[in-house]
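Below: the structure, in C-alpha cells.
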Amino acid sequence: MKTSWYKEPWAWLVFVLPAIAVIASITTYFIANYEPDDLVIGDYYKRGKAINLEISKIKLAQKLGMKFALKLTGNELVIKPTGIETKFPLLNVNFYHPTLAKKDFYLALTADANGNFRHHFDTKISGKWRITLSSFKNNWRIENVIYLPQSTFISIEPDLAEAN
C-alpha cells in the first residue's frame, strides 16, 4: 500500500531539520549584527604606532608637573589645575565609555576667573569612564579611569600605566 509523501514521518524529518537550521542561522545573524561591539580597533597597526606618541605626551605632562582635581556633583563638572601655576586658555577633555563608543563625548573648556574649568551637563553622567585631559596644542596628555559622580575632588595625574 502506497501513502502520500506528506503522510510519511521520515519525509518531514528530512525537510524540518534543514529548515530549522536555516531559521536559526538567520536569527543568529540578526542578533550578532544588532549592536556590534566597539571593542576591536579596526586599524590596530596604526593605533600601535601611535602609542609611542601618546606615551611621550604623558611623559611631558609628568615632566611639567601637570595635575588636576576633578569633581562632579549634581550635573556640574569642576576641573581645577593643582600641579603647576600656568594658566590654560583651553582644556580639551575627552570622556570615553569602556564599552559603548556612542556614549563618548568631548568638551573644550575655558577657565573661569578662578582658573577652574566648569561644565554643566543636561543629563546625569555616571559610571566608569576613561578621561583624557590635554592642552589646546595637544602637546601633553593625562589619562585616567574615573568613576562618576564624585562628590569630593579626585586627583587626575599623568601615569604611564594608564596609557592605552
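The values are calculated or read from the model by the stated rules, or taken from the named source; none is laboratory data. What you are looking at is a predicted structure, and each value in this text was computed from that prediction instead of being measured. All Cβ positions, even for glycine, are placed from backbone atoms using ideal geometry, and neighbour counts span all protein chains on display.
Would you mind stating whether PHE95 is modelled with pLDDT under 85 and assigned by TED's automatic domain parsing to the domain that holds GLN150? Let's see the steps before the verdict.
Values: modelled with pLDDT under 85: no; assigned by TED's automatic domain parsing to the domain that holds GLN150: yes.
Taking the combined requirement at face value, the residue does not satisfy it.
Taking only pairs six or more apart or across chains, which ones have beta-carbon atoms under 6 Å, a first residue in the range 88-116 that is more than 14 Å from TRP129 (Cβ to Cβ), and a second residue that is among the hydroxyl-bearing types (Ser, Thr, Tyr) and surrounded by 15 or more Cβ atoms within 10 Å (Cβ to Cβ)?
Close Cβ pairs (under 6 Å, with a partner that is among the hydroxyl-bearing types (Ser, Thr, Tyr) and surrounded by 15 or more Cβ atoms within 10 Å (Cβ to Cβ)) amount to ASN92/SER134.
Among the numbered criteria (1) at pLDDT below 90; (2) at negative phi; (3) surrounded by 12 or more Cβ atoms within 10 Å (Cβ to Cβ), which one does ARG118 miss?
(1)
Of the residues that sit in the range 39-77 and are assigned to a loop (DSSP other than H, G, I, E, B) and of a type in the set (A, V, I, L, M), which one is modelled with the lowest pLDDT? So that I can check it myself, show each step before the final result.
The first filter runs over the range 39-77 and keeps only residues assigned to a loop (DSSP other than H, G, I, E, B), leaving 39-43, 65-67, 74-75.
From the residues that got through so far, the ones that are of a type in the set (A, V, I, L, M) too are 39-41, 66.
Details: LEU39: 61, VAL40: 58, ILE41: 62, MET66: 88.
Among those that are assigned to a loop (DSSP other than H, G, I, E, B) and of a type in the set (A, V, I, L, M), it is VAL40.
From the residues in the range 101-113 that are surrounded by fewer than 12 Cβ atoms within 10 Å (Cβ to Cβ) and closer than 17 Å to ILE146 by Cα, which one is modelled with the lowest pLDDT?
Among them, the one singled out is ALA101.
When you check LYS67 against the structure, is it assigned by TED's automatic domain parsing to the domain that holds LEU53 and closer than 22 Å to LYS57 by Cα, yes or no? Show your work before the answer.
Details: assigned by TED's automatic domain parsing to the domain that holds LEU53: yes; closer than 22 Å to LYS57 by Cα: yes.
Yes.
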